[in-house]
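The values are calculated or read from the model by the stated rules, or taken from the named source; none is laboratory data. Just so we're clear, the structure is a prediction, and the values are computed from it rather than from any experiment. Here Cβ is always computed from backbone atoms with ideal geometry, including for glycine, and neighbour counts include all displayed protein chains. All accessible areas refer to the heavy atoms of the entire protein, side chains included, with ligands and DNA or RNA removed. Shrake-Rupley method; radii C 1.70, N 1.55, O 1.52, S 1.80 Å.
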Amino acid sequence: MIEEVHLWRGTPEQRALRSELVKATQFAYFDVQLDHPDWRDKHVLDFGGNKGNLLLDPACTIRHENYYCLDVIREAIDEGRKTFPQAHWFHYDRYNPSFNPDGTIDLPVPEMGVEFDVILAYSVFTHTAWEETKDLIEQLRARLALGGVLAFTFIDPQWESNLRWRLEKRNSAAQVEALIGESRDACWCSLVNGTNLYVENSGAWDPRSAECITYNVYYTENFLRAQFPGAVIRRPVNQEMQHCCIIGRG
Ligand SMILES: C[S@@+](CC[C@H](N)C(=O)[O-])C[C@H]1O[C@@H](n2cnc3c(N)ncnc32)[C@H](O)[C@@H]1O
């Protein structure tokens with residue numbers, strides 16, 4: 001199973017698939033989840049926006065000059081800048097065990113010189129440790145303009161058997177049942193390399209020594225509701241698997 005990280009950090013064969021395996025449903029997803037806002041005058045930050053896949057949707061009405069993209073993969077930011085030169089591109093060299101293992105731990109979100117009406121993060125906090133996620137969400141909320149919103153996706157492990165689906169890619173049937181049993185009542189869990197499951201734990205490996213290719217984190221809807229009491233949580237739309245959590249500036 002090829003995941004986004006393989007398209008950047010994988011074998012030459014996997015990286016060669018980058019131009020073929022492009023997902024461009026992100027704009028349509030947030031357009032529905034945010035009740036079709038008028039995007040044209042909005043300053044939008046695509047946090048973990050990779051190479052700007054959000055802009056690939058022909059229906060996307062975000063003006064390129066109002067679009068800001070920040071990502072930990074330098075190559076993705078360089079590609080995005082070439083494709084959409086009027087947009088704003090920032091390499092954020094923060095450590096991520098999977099996407100940027102050589103990055104700087106706890107590097108603050110850079111100043112971009114603008115307050116955002118909307119901050120979007122599609123499938124980003126599905127790959128960051130819970131401690132990181134809380135820190136980044138607080139920093140991002142502080143970058144919102146008055147009345148602005150942060151919308152990020154998350155994957156509920158029990159919804160449509162999301163966790164089981166992923167475990168089945170890399171584990172035997174017996175292992176899958178054992179791991180599902182361990183995590184049955186968990187509020188959240190993280191999965192390293194598709195096989196090592198940490199229940200209500202971000203994973204206890206040494207970030208500088210152990211190899212982590214894929215890192216997937218799952219939260220139940222109730223867990224995030226309790227963590228962010230003012231948030232609106234919306235269920236997946238457009239046949240996608242991810243929920244959406246919408247938070248204001250607070
Ligand atoms: C699954 S990809 C999704 C990319 C993009 N949002 C999309 O939908 O096409 C996850 C992205 O999050 C980025 N990422 C991971 N940790 C990050 C962090 N701490 N800050 C910013 N981006 C991060 C990765 O580099 C990667 O581009």
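Based on C-alpha pairs under 8 angstrom that are at least 6 apart in sequence, the chain has a relative contact order of 17 percent. Surface listing: Glu3, Glu168 arranged by accessible area from highest to lowest gives Glu168, Glu3, probe 1.4 Å.
Estimated from the Cβ-Cβ distance and a Förster radius of 30 angstrom, the FRET efficiency linking Ile2 and Leu146 is about 0.10. Pairs of Lys residues in the chain that lie 8 or more places apart, or on two chains, and have C-alpha atoms under 26 angstrom apart add up to 9.
Taking 0.36 nm per residue of separation and subtracting the current Cα-Cα distance, fully stretching the chain between Leu107 and Gln239 would add 44.0 nm. Using C-alpha pairs under 8 Å with a sequence gap of at least 6, the mean separation divided by the residue count of the range 75-198 gives a relative contact order of 16 percent. Let me know the shape class of the range 103-204, please: from the alpha-carbon gyration tensor, a ≥ b ≥ c as square roots of the eigenvalues, rounded when a/c is under 1.5, otherwise prolate if a/b is greater than b/c, or oblate. Here the range 103-204 falls in the prolate category.
Selection among Leu163, Cys244, Tyr215 by position relative to the dipole of the range 140-250 gives Cys244 as farthest towards the positive end (Cβ unit charges, Cα centre). Ordering 38-44, 72-78 by mean Cβ neighbour count within 10 Å, with the highest value first, yields 72-78, 38-44. A Förster radius of 22 Å, combined with the Cβ-Cβ distance separating Glu168 from Asn196, puts the computed FRET efficiency at roughly 0.90.
Restricting to the chain, compute how many DSSP beta bridges are antiparallel as a %, nearest 5. Just about 50 percent of them are antiparallel.
Figure note: Met241, Met112 ranked by solvent-accessible area, largest first, 1.4 Å probe, ligands and nucleic acids not counted: Met241, Met112. In the assembled protein chains, Thr83 presents an accessible area of approximately 90 Å² (probe radius 1.4 Å). Taking every C-alpha pair closer than 8 Å and separated by at least 6 residues, the mean separation divided by the residue count of the range 1-102 gives a relative contact order of 21 percent. Let's test the formula: R0 of 25 Å, r as the Cβ-Cβ distance of Glu131 and Asp93. What FRET efficiency results, to the nearest 0.05? In this case the efficiency is close to 0.85.
With respect to the chain, whose longest principal axis is taken over its alpha-carbon atoms, helix 74-83 is tilted by about 40°.
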